[in-house]
Amino acid sequence: MRVAIEGQEFNSLTDERLGWVCMEPTFKLIRGKSPEVKAAAIKQLGKGQTALCMFRIMYDHSNKSSAEFYAWSSYLLDQPGTWNGVLEGVRFFADDAMLELLEETRKRLEARNRRLGLGWGDARLNDIETDPELLKIVNGLYERFKRLIPNTHNVIAEYIRAHPDEFVDFIG
């Protein structure tokens, strides 16, 4: 699903905002819906849109705090195919640094879960408040995430601006 937008607005959007605007119609369709409805909607997207959608699902939920980064990473890892979809999205945009961080996030959290006998679904937002080792790990990963994210938005926005026909219908 492409977004209808005026060329002047398209050209004036920040990198981060451009990615959001391009996904807003899709997110309106899938917000609060069943996994089946979400999967069907995502299946209808083009490759670039799917990559952007999967990245935005991860980013929009996990960017506000280290606790959210931890909890949402765990949640997405618990949903069949979702984490791989996020990785494929980041890979599509050739953001190797973000891809490396996300793969390390999975490995570090997976090692903790294995050591404690936990599954992805056992993660809670407040886990980092009660586990000093987890707090240290997650804070380090989240700090790297915050440092890398401006470049990720830039890489994605450059792709969108180079391929607007995949994301927008210009009006006016």
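The values are calculated or read from the model by the stated rules, or taken from the named source; none is laboratory data. Only a predicted model underlies this, so the values are computations on that prediction, with no experimental measurement involved. In this analysis, Cβ positions are derived from the backbone assuming ideal geometry, glycine residues included, and neighbour counts consider all displayed protein chains. Surface areas here come from the heavy atoms of the whole protein model, side chains and all, with no ligands, DNA or RNA. Shrake-Rupley method; radii C 1.70, N 1.55, O 1.52, S 1.80 Å.
Averaged per residue, the range 39-172 has 51 square angstrom of accessible surface, using a 1.4 angstrom probe with ligands and nucleic acids left out. Spin-label model, ALA40/ASN84: points 7 Å from Cα along the beta carbon direction are separated by 2.3 nm. The relative contact order of the chain comes to 36 percent, based on Cα pairs under 8 Å that sit 6 or more residues apart.
Legend: distances between Cα atoms for LYS43/LYS136; LYS38/LYS64; LYS33/LYS136; LYS28/LYS146; pairs beyond 30 Å are LYS43/LYS136; LYS33/LYS136. A simple charge model with +1 on the Cβ of Lys and Arg, -1 on the Cβ of Asp and Glu and nothing else charged puts the dipole of the range 1-115 at about 500 debye relative to its Cα centre. Of the trypsin sites (Lys or Arg not before Pro) found in the range 103-172, those in coil by DSSP whose Cβ has at most 16 other Cβ atoms within 10 Å are ARG124. For the range 42-93, trypsin sites (Lys or Arg not before Pro) are listed when DSSP marks them as loop and at most 12 other Cβ atoms sit within 10 Å of their Cβ; the list is LYS64. When a 1.4 Å probe is rolled over the protein heavy atoms, the share of accessible surface on the chain that falls to carbon and sulfur comes to 51 percent. Overall shape: oblate for the range 2-69, with the ratio a/c of the largest to smallest alpha carbon gyration tensor axis at 1.5 or above and b/c at least equal to a/b.
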